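Before any comments, here is the structure.
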Amino acid sequence: MTRDLDTATPAPQAPAPARRTGWRRLTMIAAVAGPGLVAANAGNDAAGIATYASAGSQYTYGTLFFMVLVTIALVMVQEMAVRLGAHTGKGLGALIREQFSLRLTALAVSCLLLANTGLVVSEFAGIGAAFELLGVPKWAVIPPAAVLLWALVLFGSYHWAERIFLIMSLAFFAYPLAMILGHPHWGAVGHNLVIPHVEANKDFILLAVALIGTTVSPYMQFYAAAGVVDRGAKPADYPLIRADAILGAVFACVISLTIIIATASAIGGTGPLNSAAQAAEALKPVAGQGAELLFALGLLGASALAGAVVPLSASYAIGEAAGVERSVSRSFRDAPLFLGLFTAQIVLGATVAMTPVDVIQLLIGTQVLQGLISPVVLVYLLVLTNRRSVLGPAANGPRYRIAATAVVVGVAAMSTILLVQTVLGWFDLA
């Protein structure tokens, strides 16, 4: 009798270690998740939302397959950035300074600072536009929003700021809900996700270029690598950091797809849009006030997240290039250049956003600057991850090197096309 009880007792306890192991793995992923997810989601900022919404309003579901390709590109680029940070303990700016010409490094980070400052203006304009959709004037919300974002970085540690950034990312779940309210044609959505759609006209090509330009932005790579370093990650943490980068890139692109589908379902074929706020207003008569409010909520969260991440990425890049202290966990006294640059960008961005500035023209200018530095930064990223002298056995293997080269060449070519087209447009030649 005793033997029967002894043999029967352990049976129900057998699954417990598996459950504990599963929870432990989820806890570890939650603990490491951060830089990759934050950097990728910051790409879905006010300008990005406007671009995705315009894709849906112009070509309905026609750009969905292209966004699948963009997702693959973003995954590879972000993975290379966090791999550099995890295995070298240095950010992208520091590695570029060490491995390449100091003059080219100074030019790249200077252009990044100028482009990012323009983007910061658009992020605060996005915060103001989101509240204006809710009936609150922008002058009442932009100053306190700037102070809150500034205080988040100045008076908190990196880990604390990162958790807040991740909480801000929850706002992106508003877009899948807005997509459902738009009642999409799921058959057409599925078809366009797997079947390429290309139109041989300048507008479609430029929109494709804009989609990849707003999704794979230079500041994202700088922030992803620097964030990994700032949180103190080691090579042993790389598997989970890699998972964070990949899942973050996929999540960000899925959100982009839902924005395209939402606007395609409700207002597809009505022509281009100039802002995310315009997209929200256009959704109201078709998909209802709920869709407009969800779009406004998503715009607010996206703009607030990017409003902190974009200036941080430039501060990281310049601090790394100058070889000075740079960390969110440091005080102003310990890292004056890093936190001073962040403060200046926040003040300038919020101040300009309060004026009647033409945000669209400002974004065009920042696109030109990003078009200048994006090919350079991506080539730097590829060369650095190819070098065994930098990464040792973690360097790109032969197959990955071929795939990464194809991605970098493709993205760089797209950025160059947008740059040339924009400059020609200034002289009425395009």
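The values are calculated or read from the model by the stated rules, or taken from the named source; none is laboratory data. Just so you know, these numbers come straight off a predicted model, no measurement behind them. All Cβ positions, even for glycine, are placed from backbone atoms using ideal geometry, and neighbour counts span all protein chains on display. The accessibility values were calculated without ligands, DNA or RNA, using every heavy atom of the protein model including side chains. Shrake-Rupley method; radii C 1.70, N 1.55, O 1.52, S 1.80 Å.
Would you confirm whether or not region 164-171 contains a residue that is closer than 30 Å to Q289 by Cβ and of a type in the set (F, W, Y)?
Start the filter on region 164-171 by keeping residues that are closer than 30 Å to Q289 by Cβ, which leaves 164-171.
Cutting the leftovers down to of a type in the set (F, W, Y) gives us 165.
Checked against the condition, which is being closer than 30 Å to Q289 by Cβ and of a type in the set (F, W, Y), region 164-171 yields at least one hit.
Please find, among V75, V147, the residue that is without any contact (Cβ under 8 Å) to a residue 60 or more places away in the chain and either over 20 Å from A322 (Cβ atoms) or under 21 Å from the mean Cα position of the chain (by Cα) (or both). Outline the logic, then answer.
Details: V75 fails: without any contact (Cβ under 8 Å) to a residue 60 or more places away in the chain.
Checking each option against the conditions leaves just V147.
How many residues, within region 151-175, are open to solvent by less than 80 Å² (accessible area, probe 1.4 Å) and farther than 22 Å from V229 by Cβ?
Let us first name the residues in region 151-175 that are open to solvent by less than 80 Å² (accessible area, probe 1.4 Å), namely 151-154, 156-158, 161-162, 164-166, 168-169, 171-172, 174-175.
Add one more test, that the residue is farther than 22 Å from V229 by Cβ, and what stays is 151, 171-172, 174-175.
So the count comes out to 5.
Going through region 196-211 one residue at a time, which ones are open to solvent by 60 Å² or more (accessible area, probe 1.4 Å) and not β-branched (V, I, T)? Reasoning before the result, please.
From region 196-211, those open to solvent by 60 Å² or more (accessible area, probe 1.4 Å) are 196-198, 200, 202-203, 205; that's our starting set.
Hits for region 196-211 are P196, H197, A200, K202, D203.
For every residue, the table says whether it meets (1) among the aromatic types (F, W, Y); (2) in contact with a Cys (Cβ under 9 Å, 6 or more places away or on another chain); (3) open to solvent by 30 Å² or more (accessible area, probe 1.4 Å).
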| residue | (1), (2), (3) |
| --- | --- |
| Y219 | yes, no, no |
| F222 | yes, no, no |
| V229 | no, no, yes |
| A233 | no, no, no |
| A236 | no, no, yes |
| I241 | no, no, no |
| G248 | no, no, no |
| A252 | no, no, no |
| S256 | no, no, no |
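Looking for something part of a helix (DSSP H, G or I) and closer than 25 Å to P235 by Cβ - is there at least one such residue anywhere in region 320-336?
Our first condition is that a residue be part of a helix (DSSP H, G or I); within region 320-336, this holds for 320-322, 336.
From what's left, closer than 25 Å to P235 by Cβ: 320-321.
Checked against the condition, which is being part of a helix (DSSP H, G or I) and closer than 25 Å to P235 by Cβ, region 320-336 yields at least one hit.
Of the residues H183, H159, only one is assigned to a helix (DSSP H, G or I) and out of contact with any Gly (no Cβ under 7 Å at 6 or more places or on another chain); which?
On the way: H183 fails: assigned to a helix (DSSP H, G or I).
That would be H159, the only listed residue that is assigned to a helix (DSSP H, G or I) and out of contact with any Gly (no Cβ under 7 Å at 6 or more places or on another chain).
Pick from region 176-195 the residues that are open to solvent by 60 Å² or more (accessible area, probe 1.4 Å) and among the aliphatic types (A, V, I, L, M): which of them is farthest from M67 (Cα to Cα)? Walk me through it before giving the result.
Of the residues in region 176-195, the ones open to solvent by 60 Å² or more (accessible area, probe 1.4 Å) are 177, 180-181, 183, 185-186, 191, 194-195.
This time we only want the ones that are among the aliphatic types (A, V, I, L, M), so: 177, 180-181, 194-195.
On the way: L177: 20, I180: 19, L181: 22, V194: 11, I195: 12 Å.
Ranking the candidates gives L181 first.
Taking the conditions exactly as written (outside any helix (DSSP H, G or I), more than 23 Å from the chain's Cα centre (by Cα), among the polar types (S, T, N, Q) and under 26 Å from D45 (Cα atoms)), does T351 satisfy them or not? Reasoning before the result, please.
Details: outside any helix (DSSP H, G or I): no; more than 23 Å from the chain's Cα centre (by Cα): yes; among the polar types (S, T, N, Q): yes; under 26 Å from D45 (Cα atoms): yes.
Criteria not met by T351.
Residues being under 22 Å from S303 (Cβ atoms) and either of a type in the set (A, V, I, L, M) or in contact with an Asp or Glu (Cβ under 9 Å, 6 or more places away or on another chain) (or both): count how many of those fall in region 259-274.
We begin by selecting, within region 259-274, every residue under 22 Å from S303 (Cβ atoms); these are 259-263, 266-267, 272-274.
Those left that are additionally either of a type in the set (A, V, I, L, M) or in contact with an Asp or Glu (Cβ under 9 Å, 6 or more places away or on another chain) (or both): 259-262, 266-267, 272-273.
Selection size over region 259-274: 8.
Whether any residue in region 54-66 is farther than 25 Å from A304 by Cα, within 16 Å of the chain's Cα centre (by Cα) and not hydroxyl-bearing (S, T, Y) is what I want to check.
Looking through region 54-66, none of the residues is farther than 25 Å from A304 by Cα, within 16 Å of the chain's Cα centre (by Cα) and not hydroxyl-bearing (S, T, Y).
Being buried (at least 20 other Cβ atoms within 10 Å of the Cβ) and either closer than 30 Å to T88 by Cβ or in contact with a Phe, Trp or Tyr (Cβ under 7 Å, 6 or more places away or on another chain) (or both) narrows it down to one of S327, S415, so name that one.
Working: S327 fails: buried (at least 20 other Cβ atoms within 10 Å of the Cβ).
Every option except S415 fails the conditions.
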